[in-house]
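For reference, the structure is listed below as structure tokens.
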Amino acid sequence: MKKAGAEALRRALPEAALPLLDAVVREADRRRASVWLVGGPVRDWLLGVAVRDVDLLVVGDDLAAAGDLAERAAPDGVRVVRHPRFGTAELHHQGVVIELATSRRETYAQAGALPSVSPGTLDDDLARRDFGANALAFPLSKTARANDNRVVEADGALRDLEARRLRVQHSGSFRDDPTRALRAARLAQRLGLSVTRSTHAALRDALRAGVFGVVSGERLRREFVKLIDDAAIGGDPSRALRLLDDWHVLGALEPGLCLDRSAVVPLRRLGRAIATPPWKSLRHRPWRAALLLWLAPLPSGLRKRVLERLAVRGEVARSITVAIRQRDARLGALARVRGRGAVDSLLGPLDEEELHALYAVGEPKLRRRILRYATEDRTRRTPASGRDLVEIGLSGPVVGRALEGIREAFLDGGLSSRDEALVLAREIGRRSRTAKPGRRVVGRKRQG
Ligand code: ATP
């Protein structure tokens, strides 16, 4: 484990965040505020893994302390977002985000519900955290450093890190907040921490108490999204889900839910694609691709219930259900078609998540086809546009068909210039005029 020291810590923090962090600490020093780096970043620094987040704790007896400090510290051009109900705030500048939270104590009136929050001391704040490994803080401002310039821990937190273990801070932890089970699987897997016996006992106790059924779908989905996003920083979603299955958490979230063996390899492959994207994906939401893979082997009724349980509704839920239903037919067609043009027209209508899910599940030959489509073909511009076709006198649905035909022929190497494209368009137009009504005229006879 790393030795704690202010200079070493500074070197470990994301460089882009330093100017903003310095502005906060300067303002804290002016106001004699006690500001600490807290939780995940301290843990990651001591474990020697990359620190990505800058999470700050502002010790104060008014929940507004963090928001007030954020507003006063924000240099010009920095956006401040306050969440008064939670006593937190964020500073946003050119993609950098710094989070500030007022020190708090939390009480859970009901298992699985959100806690009531009130101002608390630094120790209260460390004690409310999910695991010992996260109950750590390092002083940044002069007031925080007053006594010492060292990591402050909740009892046993540093020993946990040293032994690389994940331990809940009290036996009712999962009863209070069952989403911590998802966090446990995610962190244990990503950071290679072993889950202690007392933590397993606390989990069994929460499972017996039946609290997993009462957590809201939105909260579950948020943790599930993090679990998938973690692949970008070395997590393996298939292994985290496997842990949750082994711990009987999946079935407690929704009866019958499990991780089918056939989904393991595709989920692992998806994880690798999230870490190192095989092609540029602009609006790729990995969690949707993960749901496509995870839920595909499950019976359709269960699939529907799981989507509802995770508060995945409306168009998103519908598109996941439809994509799963069509998946095998798509894979079959992708294996059968010949030519890059045919692959393009097959894959063209798919959204980014479906494409990633097909890539994760496909055989090597299909993966090569998908990769070539995603990296080369789909961005190629055909030599004639819809406007060109209108100019030569085509109108109505035949314009779309002619464009399709031109695109296929172009990607297959059958034509390359605008003139050749227009010849084909005229031919398609002519054939559509002579075709029997209701009969579809395709641009080009497909082989195979
Ligand atoms: P990562 O490094 O993946 O972001 P993290 O531990 O920093 O993990 P966050 O979700 O950013 O995770 O949470 C920030 C901190 O807030 C955690 O370190 C933890 O101390 C605390 N925390 C988050 N969720 C909970 C929870 N459900 N119960 C108790 N403490 C929590």
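The values are calculated or read from the model by the stated rules, or taken from the named source; none is laboratory data. Keep in mind that what you see is a predicted model, and the values were worked out from it rather than measured. All Cβ positions, even for glycine, are placed from backbone atoms using ideal geometry, and neighbour counts span all protein chains on display. When the accessible area is computed, the model is the full protein with side chains, heavy atoms only, and any ligands, DNA or RNA have been set aside. Shrake-Rupley method; radii C 1.70, N 1.55, O 1.52, S 1.80 Å.
Between the beta carbons of Val225 and Ala146, assuming R0 = 51 Å, the FRET efficiency works out to 0.80 to the nearest 0.05. Helix 314-336: angle to the longest alpha-carbon principal axis of the chain, degrees 0 to 90, nearest 10? Approximately 50 degrees, to the nearest 10. Evaluated with a Cβ-only charge set (Lys, Arg +1; Asp, Glu -1), the range 1-123 carries a dipole of roughly 180 debye about its Cα centre, given to the nearest 20.
Can you give me the relative contact order of the range 1-163 as a percent, contacts being Cα pairs under 8 Å and 6 or more apart?
RCO, the range 1-163: 26 percent.
Of the residues Leu193, Ala74, Pro383, the one whose Cα sits farthest toward the positive end of the charge dipole of the chain, with +1 on the Cβ of Lys and Arg and -1 on the Cβ of Asp and Glu, is Pro383.
The protection proxy used here, the mean number of other Cβ atoms lying within 10 Å of each residue, ranks peptides 302-315, 54-67 as follows, highest first: 54-67, 302-315. Each label was represented as a point 7 Å from its Cα along the Cα-to-Cβ direction; for Thr121 and Ser171 these points are 2.6 nm apart. Computed per residue of the chain from DSSP H runs no shorter than four, each worth -39500 (n - 2.57), the mean residue ellipticity at 222 nm is -15500 deg cm²/dmol. Assuming charge only on the beta carbon of Lys and Arg (+1) and of Asp and Glu (-1), the dipole of the chain about its Cα centre is about 2360 debye to the nearest 20. Using the Cβ-Cβ distance between Ser385 and Tyr108 with R0 set to 45 Å, the FRET efficiency works out to roughly 0.15. Arg222 contributes an accessible area of around 140 Å² to the protein surface, as traced by a 1.4 Å probe with all chains present. Probing with 1.4 Å while keeping every protein chain in the model, the per residue accessible area of the range 386-434 equals 54 Å². Label the range 386-434 by shape, choosing from rounded, prolate and oblate, from the square roots a ≥ b ≥ c of the eigenvalues of the Cα gyration tensor; if a/c is under 1.5 it is rounded, and otherwise prolate applies when a/b is larger than b/c, oblate when it is not. Since a/c reaches 1.5 and a/b is larger than b/c, the shape of the range 386-434 is classed as prolate. Under 17 Å of direct C-alpha separation, and excluding same-chain neighbours fewer than eight residues apart, Lys304 reaches these aspartates and glutamates: Glu218, Glu254, Asp260, Glu315. Counting only protein heavy atoms and a probe of 1.4 Å, the accessible surface of the chain is 48% carbon and sulfur. Normalised by 2.2 N^0.38 Å, where N is the number of residues, the alpha-carbon radius of gyration of the chain equals 1.23.
For helix 179-191, report the angle its Cα long axis makes with the longest principal axis of the Cα atoms of the chain; keep it between 0 and 90° and round to the nearest 10°. The answer is roughly 80 degrees.
Net length available on complete extension from Gln326 to Arg30 is 100.4 nm, with 0.36 nm assigned per residue and the Cα-Cα distance removed.
Once both axes come from the Cα atoms, what is the angle between helix 418-434 and the longest principal axis of the chain, in degrees from 0 to 90, rounded to 10? Orientation of helix 418-434: about 70 degrees from the principal axis. The stretch between Val80 and Thr375, if pulled fully straight at 0.36 nm per residue, gains 102.4 nm over its current Cα-Cα span.
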